[in-house]
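Step one of this worksheet: look at the structure below.
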Amino acid sequence: MLSSVIALCLVVLACVELGDAATAVDVYRLIQYDLAGAPFGSRVANLNHHAVSSLSASNADLSRTVVIIPIADLDVSSIEDYIGRKQPLGGLLFLLPRILNSGNRENKQDADQSEQEIKRDKLVLLERLLLHSNIPYPVYFAYEDEHIKAVLDDVKRNDAIGQPATATTGGYKLVISTSEARKVSSPSITNIQGWLPGLKLDGDSNQIPTIAIVASYDTFGAAPALSVGSDSNGSGVVALLEIARLFSILYSNPKTRGRYNLLFGLTSGGPYNYNGTQKWLRSLDQRLRESIDYAICLNSIGSLDNELWLHVSKPPENAYIKQIFKDFSDIAGELRVKVGLKHKKINISNPRVAWEHEQFSRLRVTAATLSGLSSPSEFLENFGSLSDSRQFVSETAILRGVKLVAESLARHIYGHEGKNIQIFAENSSLAVNPSYIASWLSLLSRTPRVAPFLPKTDPFIGALRKELAEHTAEVSVQHENLDGIFTFYDSTKATLNIYQVASVTFDLLLLLVLGSYLIVLFSFLVITTRGLDDLISLFRRPPSRKVKTT
Amino acid sequence: MTMFHFLNCAILTFGPHFVYYSATPLSEYDTLGTSIKTAIVYLVTALVKLVCLATFLKVSDSENFDPYQELLKASIGFVDVAGLYFALTQLTHRNISQNHKFQAVGLGWAFADSVLHRLAPLWVGARGLEFTWEYVLQGLEANANLVLCISLAALGSLMWLRKNKPKTLIPIIYLCAGIVATMPSITSYLRRGMGWKLPEVVGFQLLASLVIAFISWQLFAACQRPSF
């Protein structure tokens, strides 16, 4: 009976997951998507290969190895070359500098700024390359830490010697076992709208005008699970929430309630030609849409350059545009910020929408985008790239942006144009709240927000909705399907197990040593217990028997 | 590859038992039955030991060496000796000489011990991708344990089965048997009290087992002489 119990135990133990890796690291996969049927990104999720430290390791079979590349040592052109030549590779693992990890807060602020800038440039180049190529092997990102650094040092040392991996010299095997990536079925985008009604005088039958403040909140980047977009467009979302909070205080009192309705829109689908903004605008009531006096879109206002740009699609001579720009530049002068005006005509036949306000302009609504960027980005770029993390966003810049927008809106609403009145002065009850901005910014910097991987019921969307509901009278949430040319694939996050493994040669050698040990033991025992002659006869007997039988 | 490593470790752990059985006259006298019976006695003893440990021992949270607890553990360890005594004296064996009897008993005892304590960790651990020396060392430990078990059985057979042994040797026999029986406690002390690493402990065990094997062999030979 006991033996059957033991057998049962053994069967159970054999089924136990073998999770005893030396190191387990969180890794984030390169995005995989189809654009109008054409495949892009990393097409494979599973990984089970040995590690090497550079693409030029000549003695290794690269199609069966993973190349680990820290961003600091990255040479983008060599990778571009390699991908361009379509050579086989087991996989790629990029190590991101720890400073980019928004989760860890004890970063040294005095990190060498220029060096960081170089890394950022490299990351931007790398991301552009990876996003627009079709890569038939797994590509992962991970943050540097002590374990993975130790592994990399070992691997580098081996590569330098040029020896194949063995147990004694430290061969490493990287294993990521996930299910193959599946298509995300019908990716949805969610727009959140808040409505703060203005004061309507009795007997005034005309509809009062509306001002819209809009920010797109979703992101897109090389690694969907890392695409937090602190600046693009976390900063815009934070600014919008703070502006909503400030005006909700003003509008809660009938005496200070303005004669304008305020419409707040948190739109999704920004990276995809502002698809969500388009759908949101189309779904708005015709009368409401026509009542919109102008719309201000907030985009990437978190970088600390003393320059902001007002992007418009109507010519600057237009009276409305002139008015908006004058409001902004007046206040900018007081805040010692430079605001420039940039005009870019829209081309209706071109599906590409570079700025969010262009969706408004297409529907003949006056709109402008306030942005820290001086020129539009390329398609799918600059929406929460890898380098767009909390470290590179300044709260002061957002604070300034909030003040700029809120103050200009207030002067427009209350008719104080041209007068030097500070409504949101510091130390007043209407002052901009830095801790509110900081807390929302840190939440946004921790939450990846790539729309297809953000389900309708995601707590983050719930949180945005709740926050907007607190500051506005009416909140509505709109779910839409993302337009069909995109297909996304899941498994954006996985765990990498790093095993130190022995080579086959080593195992063979061990077998040889053990075999000879047993033979020596056998001979020793035979000689001591039966004598040498017995041992010799042991080897002689079989042939003699054969002779007898024949 | 990993299956290969598992096989290597299994060979190291269990191979010597088979080699011992086939190389010595044990195989010629068909002592397999004795070994199997001993293995069953070992299983029962292990069960009794477990019950005792569970009853008397506190669960220690720390990895520290607690002398009182260790003393208790060592005394429970003497249950092993009782089991061995039972296997040597009470089991009815087909008429095989004392010489072969203690070897068969020791072999069965060590084999059961290896299977019970080492097979499962080996199966789970050595098949993993990660390479460690741990299972090779564990195999070496099994070898040392085999030598110790046979030595203990030899000393036991001297103590309980042989009547006419030289009076001067009796205290030495008992001393040696005591040392061998407390070997698990000694290694546990080295590992936890002194902070020795596994390779050092295994080295010590191998060395100790060789020394004890030599001593018990000499004792056995010394007791053999007057009977002839």
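The values are calculated or read from the model by the stated rules, or taken from the named source; none is laboratory data. Not measured: the values here are computed from a predicted model. Virtual Cβ from ideal backbone geometry, glycine too; neighbours counted across all protein chains shown. Areas reflect the complete protein model, heavy atoms only, side chains present, ligands, DNA and RNA absent. Shrake-Rupley method; radii C 1.70, N 1.55, O 1.52, S 1.80 Å.
Across the options A:G194, A:S268, A:A223, the greatest Cα extent toward the positive end of the charge dipole of the protein assembly as shown (unit charges at beta carbon of Lys, Arg, Asp, Glu) belongs to A:A223. What residues does the range A:507-521 have that are buried by at least 40 Å² of accessible area in the full protein assembly compared to the chain on its own, 1.4 angstrom probe? Relative to the lone chain, where solvent access is computed with a 1.4 Å probe, the range A:507-521 loses at least 40 Å² at A:D507, A:L510, A:L511, A:L514, A:Y517, A:L518. Note on the range B:2-227: Rg/Rh from C-alpha atoms, Kirkwood Rh, equals 0.97.
Using every Cα-Cα pair within the range A:189-242, state what percent have a distance larger than 16 Å. That fraction is 59 percent.
Counted residue by residue at 0.36 nm each, then reduced by the alpha carbon distance between them, the extension gain from B:K58 to B:M3 reaches 16.0 nm.
If you take the alpha carbon atoms of the range A:413-469 and fit the smallest convex hull around them, that volume is 152 Å³ per residue. Taking the C-alpha atoms only, the angle from helix B:134-160 to the longest principal axis of chain B is near 20 degrees.
Two numbers describe the Cα atoms of the range A:188-481: Rg and Dmax, which are 17.5, 56 Å.
Could you point to the residue in A:F506, A:Y436, A:A397 farthest towards the positive end of the range A:374-530's charge dipole, with +1 and -1 charges on the Cβ of Lys/Arg and Asp/Glu respectively? Sorting the options by dipole projection puts first A:F506.
Within the same chain, aspartates and glutamates fewer than 8 places from A:K119 are excluded, and of the rest, those with a Cα less than 16 Å from its Cα are A:D73, A:D75, A:D110, A:E127, A:E144, A:D388. Both numbers refer to the Cα atoms of the range B:71-199; Rg and Dmax are 16.9, 57 Å. Keeping all protein chains in place, calculate the accessible area per residue for the range B:69-228 (probe 1.4 angstrom), answer in Å². In whole numbers, the range B:69-228 has 46 Å² accessible per residue. The Rg/Rh ratio for the range A:254-336, using Cα coordinates for both the radius of gyration and the Kirkwood hydrodynamic radius, is 0.99.
With the charge dipole of the range B:2-227 set up from +1 on Lys and Arg Cβ and -1 on Asp and Glu Cβ about the Cα centre, the Cα lying farthest toward the positive end among the listed residues B:Q90, B:G125, B:I76 is that of B:Q90. On association of chains B and A, roughly 2900 Å² of accessible area becomes buried (total for both chains; probe 1.4 Å). Note on B:119-126: average number of Cβ atoms from other chains within 10 Å of each residue's Cβ is 3. The Cα center of the range A:226-301 and the Cα center of the range A:307-330 differ in position by 18 Å. On a per residue basis, the convex hull of the C-alpha atoms belonging to the protein assembly as shown measures out at 248 Å³. Straight-line reach from A:K183: which lysines have a Cα under 29 Å away, not including same-chain ones fewer than 8 places off? In chain and number order, the partners are A:K86, A:K173, A:K279, A:K456, A:K493. Of the GluC sites (Glu not before Pro) found in the range A:402-486, those that fall in a DSSP loop while having at most 15 other beta-carbon atoms within 10 Å are A:E417, A:E426. Against chain A, whose longest principal axis is taken from its Cα atoms, helix A:319-335 shows a tilt of about 70°. Once the Cβ-Cβ distance of A:S54 and A:L538 is raised to the sixth power relative to R0 = 56 Å, the FRET efficiency obtained is 0.50.
Taking a straight Cα-Cα cut-off under 19 Å and skipping sequence neighbours fewer than 8 places away in the same chain, the lysines within cross-link reach of B:K37 are B:K49, B:K101. Only the Cβ atoms of Lys and Arg (+1) and of Asp and Glu (-1) were treated as charged; on that basis the dipole of the range A:188-481 about its Cα centre amounts to roughly 380 debye. Taking trypsin sites (Lys or Arg not before Pro) as exposed when DSSP calls them loop and at most 11 other C-beta atoms lie within 10 angstrom, chain B has its longest site-free stretch at B:95-162. Per-residue mean of foreign Cβ neighbours for A:489-495 is 0 (Cβ atoms of other chains, 10 Å radius). About the centre of its Cα atoms, the range B:2-227 shows a dipole size close to 780 debye [charges on the beta carbon of Lys, Arg (+1) and Asp, Glu (-1) only; nearest 20 debye]. Computed over chain A, relative contact order equals 24 percent, with contacts defined as Cα pairs under 8 Å that lie 6+ residues apart. Pairs exceeding a 25 Å alpha-carbon distance, out of A:K255/A:K314; A:K322/A:K345; A:K122/A:K345; A:K314/A:K338; A:K200/A:K344; A:K344/A:K419: A:K255/A:K314; A:K122/A:K345; A:K200/A:K344; A:K344/A:K419. Between the alpha-carbon centres of the range A:385-417 and the range B:42-56 there is a gap of 74 Å. Under a model in which nothing but the beta-carbon of Lys, Arg (+1) and Asp, Glu (-1) is charged, the protein assembly as shown shows a dipole of about 2260 debye around its Cα centre. The long axis of helix A:434-444 is offset from the longest Cα principal axis of chain A by roughly 40 degrees.
Counting only protein heavy atoms and a 1.4 Å probe, tell me what percentage of the protein assembly as shown's accessible area is made up of carbon and sulfur. About 59 percent, which is the carbon plus sulfur part of the accessible surface. Considering all C-alpha pairs of the range A:126-259, those separated by over 22 Å amount to 67%.
Dividing the radius of gyration of the alpha carbons in the range A:292-437 by their Kirkwood radius gives 0.97 for Rg/Rh.
Accessible surface for chain A, divided over its residues, is 46 Å² per residue with a 1.4 Å probe.
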